[in-house]
Amino acid sequence: VTLANPLALWGLLLAAPIVALYVLRATRRRVRVATTMFWGRVLEQRRRARPWERFRQHASLWWQLLALLLLVLALADPALPSARGLGSSVVFLLDTSASMRARAPAPSRWEALQSRVEGHVRALGPFDEAAIVISSPAPRVLVPPTQDHERLISALRALSPSPTEGSLLPAAETAMALVAAHAGRVAFVLTDGSDPSTAEAMRAMKGAVLETLGQDAANVGITTLSVRRGGIAD
Amino acid sequence: VRLFEARDDRTVRVLVDASASMQGPRWDAARKAAAAVAWASRCGLDRVQVVRLGDGWMADGAPSRGRSGFQRVLQLLGGDPGGATTTEVPPLSAGGAGEILWVLVSDLLVPDWEIVLHRLMRQRGEGHVLHVIDRREWDGIGLQGDLRLVDAETGTELDITADARTRAAHRACCEAWADDVAARCLRGGLGYLRLDAAQPIDDPLIAWLEGPSQGTP
């Protein structure tokens, strides 16, 4: 179990004044009796038969302490890391080639990728770590494994696709090296799948999860430019 | 009348428990019973002495005959009870070589009640116990909720939460204890009569004075 706000546990110290106030407040009506001999026996018998009896007479105190405990736990925001979905350590391998600029789906594949990765990061537990590896223009580790999720998101937002084409395979080697360095770490590969052979290779990698974005669309743009010396013919 | 058959030389000693636990209706019942026994004995020409037991013991004087000394008995039984129940027993066989009959009037509300009875059993003569109880107290009438009980004799404090179940358990505990006392007396050859201060004691007391009185009413 991890706590998003472990400092909230200091709130448990409030139990001390609660107990103190209870002790100071507790006033019982005093009754003079001929003997307490039999009442003592009755209490002892009941405690032996039902050990929780001794706590029953302080029920209001226990309810107060339970309420405090639940409040503090709520503030501490406990979570099971595995319940957050992704696991305790993740490497995001991002396809930053030029094809990610394509505007299908709208507004663009790249923005869809950013949105997807940001969602994944926010789903991480407070002590889960993640890294970002990019493929273009040259494969490199953009953000090394870190628990600083805001840093990951900032780096992701500042990133834009490269104007050049690139292959995911060299970057995959870098990502898988990070995966191999930590037991249980997995790689999430986010690409538009424009290179079917690369995508197929990714699927075959152990410890890698392939997420494809985008959809097929006709390319519209200048793919080749030829420059010649000389004037323009009239 | 069994207790007051004419005897040549019999001394009747009435021991009255005047400890703090006897306060309230029990004390009224106890001194009424003690006075009745003393009066009937004096009428029967026995030599009678009443001993008030508190932190120690105090007698109305030497054992004496006749009704004229009864005023001293009433004076001795005046006032409120107080102090702890003594487990020391006064010398009951003192005052002559004649027959001894003693009567203890007490609630026996002391953890060492068996020691008290044992010491009395070792005394010479015929012994009887008038066990004064109060069933209203057994029932815990008036006790409800979170309470701090204070023992009248020891000052011991005990926190309880009184409810119907607790009170029922207390009543059962008291009844079992009183039955133990009765059984212990009968095993030891003592007469036993239980007097409930919550009820009029006249009839059971007269019945006991008039005839065989082993056991509880």
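For every other residue with a beta carbon closer than 11 angstrom to the beta carbon of A:Met176, add +1 if it is Lys or Arg and -1 if Asp or Glu, then tell me the sum. List each step's numbers first, then the result.
Values: positive: A:Arg185, A:Lys206; negative: A:Glu173.
Net of charged neighbours comes to +1.
Which value in deg cm²/dmol, rounded to the nearest 500, describes the helix-derived mean residue ellipticity at 222 nm for chain B, given -39,500 (n - 2.57) per DSSP H run of n ≥ 4 and division by the residue count?
-10500 deg cm²/dmol
Stretched out fully, how many nm does the piece from A:Ala180 to A:Asp77 gain, at 0.36 nm a residue minus the Cα gap?
Taking A:Ala180 through A:Asp77 to full extension adds about 34.0 nm, to one decimal.
From zero up to wherever the largest Cα-Cα distance of chain B sits, split into 10 Å bins and tell me the percent of pairs in each.
For chain B, the pair-distance distribution reads 8, 34, 37, 15, 5, 1.
Note the full-extension length gain between B:Asp179 and B:Arg124 as 0.36 nm times their separation in residues minus their Cα-Cα distance, in nm to one decimal.
17.3 nm
Sort B:Lys32, A:Lys206 by heavy-atom solvent-accessible area, probe 1.4 angstrom, most to least. Show your work: numbers first, answer last.
Details: B:Lys32 105, A:Lys206 185 Å².
Result of the area sort, largest leading: A:Lys206, B:Lys32.
Test of understanding: in a Gaussian network model of chain A with alpha carbons linked when under 10 Å, which of A:Ser136, A:Ser99, A:Ser60 would top the mean-square fluctuation ranking?
Residue with maximal mean-square fluctuation among A:Ser136, A:Ser99, A:Ser60: A:Ser60.
Using +1 on the beta carbon of Lys and Arg, -1 on that of Asp and Glu, and nothing else charged, what's the dipole of chain A about the Cα centre, debye to 20? Before the final figure, lay out each step's value.
Numbers: 26 positive and 18 negative charges, 508 e Å.
I would put it at about 2440 debye.
Where the centroid of each part is defined by its Cα atoms, how far is region A:100-127 from region A:166-206 in Å?
About 17 Å separates the Cα centre of region A:100-127 from the one of region A:166-206.
Apply 1/(1 + (r/R0)^6) to the Cβ-Cβ distance of B:Ile206 and B:Glu157, taking R0 = 41 Å, and write down the FRET efficiency to the nearest 0.05. It would help to have the intermediate numbers written out before the result.
Details: r = 41 Å, r/R0 = 0.99.
Once the sixth-power term is evaluated, E becomes 0.50.
With all pairs of different alpha carbon atoms counted, what Kirkwood hydrodynamic radius in Å does region A:95-234 show? Intermediate results must be reported in sequence, preceding the final value.
Working: mean 1/r = 0.0613 Å⁻¹.
That comes to 16.3 Å for region A:95-234.
What accessible area, summed over both chains, is buried at the B-A interface (1.4 Å probe, Å², nearest 100)? Each step should come with its number before you reach the end.
Numbers: alone 10420 and 15540 Å², together 23240 Å².
The summed interface area works out to 2700 Å².
Could you give the size of the charge dipole of region A:64-186 about its Cα centre, using +1 on the Cβ of each K and R and -1 on the Cβ of each D and E, expressed in debye and rounded to the nearest 20? If you can, show how the numbers build up before the last one.
On the way: 10 positive and 10 negative charges, 50 e Å.
About 240 debye.
Along Cα→Cβ, 7 Å out, is where each label goes; now give me the distance between the ones at A:Ser154 and B:Ser64 in nm to one decimal.
10.9
Might you report the magnitude of the Cβ-based charge dipole of region B:62-178 about its Cα centre, with Lys and Arg at +1 and Asp and Glu at -1, to the nearest 20 debye? List each step's numbers first, then the result.
Values: 12 positive and 17 negative charges, 129 e Å.
Using Cβ point charges on Lys, Arg, Asp and Glu, region B:62-178 gives about 620 debye.
If you scale each eigenvalue of the Cα gyration tensor by 5 and take the root, what three semi-axes come out for region B:100-181, rounded to whole angstrom and sorted largest first? Don't jump to the answer; show the numbers that get you there.
Values: eigenvalues 187, 37, 20 Å².
Its equivalent ellipsoid spans semi-axes of 31, 14, 10 Å.
Rank A:Thr27, B:Thr154 by accessible area, highest first, at a 1.4 Å probe radius?
Details: A:Thr27 120, B:Thr154 95 Å².
The ranking, largest first, comes out as A:Thr27, B:Thr154.
Could I have the simple spin-label model distance between A:Val141 and B:Arg187, label points 7 Å from Cα toward Cβ, reported in nm to one decimal?
Spacing of the two 7 Å Cα→Cβ label points: 8.6 nm.
Applying 1/(1 + (r/R0)^6) with R0 = 30 Å to the Cβ-Cβ distance of A:Lys206 and A:Leu12, what FRET efficiency is obtained, to the nearest 0.05? Please report the intermediate quantities before stating the final value.
Numbers: r = 44 Å, r/R0 = 1.48.
My answer for the efficiency is 0.10.
Mind giving me the nanometre distance, one decimal, between the label points for A:Thr224 and B:Ala198, set 7 Å out from Cα along Cα→Cβ?
Taking the simple label geometry, A:Thr224 and B:Ala198 are separated by 11.5 nm.
Within a 10 angstrom radius of each residue's Cβ in A:146-154, how many Cβ atoms of other chains show up on average? Whole number is fine.
Partner Cβ neighbours, averaged per residue: 0.
Among B:Tyr192, A:Tyr22, what's the order by accessible area (1.4 angstrom probe), most exposed first? Kindly include the intermediate steps, with their values, before the conclusion.
Working: B:Tyr192 0, A:Tyr22 30 Å².
Heavy-atom accessible area, descending, gives A:Tyr22, B:Tyr192.
The values are calculated or read from the model by the stated rules, or taken from the named source; none is laboratory data. Quick caveat, the model's predicted, so the values are computed rather than measured. Neighbour counts run over all protein chains shown; Cβ positions are idealised from the backbone, glycine included. For accessibility, only protein heavy atoms count, side chains too; no ligands or nucleic acids. Shrake-Rupley method; radii C 1.70, N 1.55, O 1.52, S 1.80 Å.
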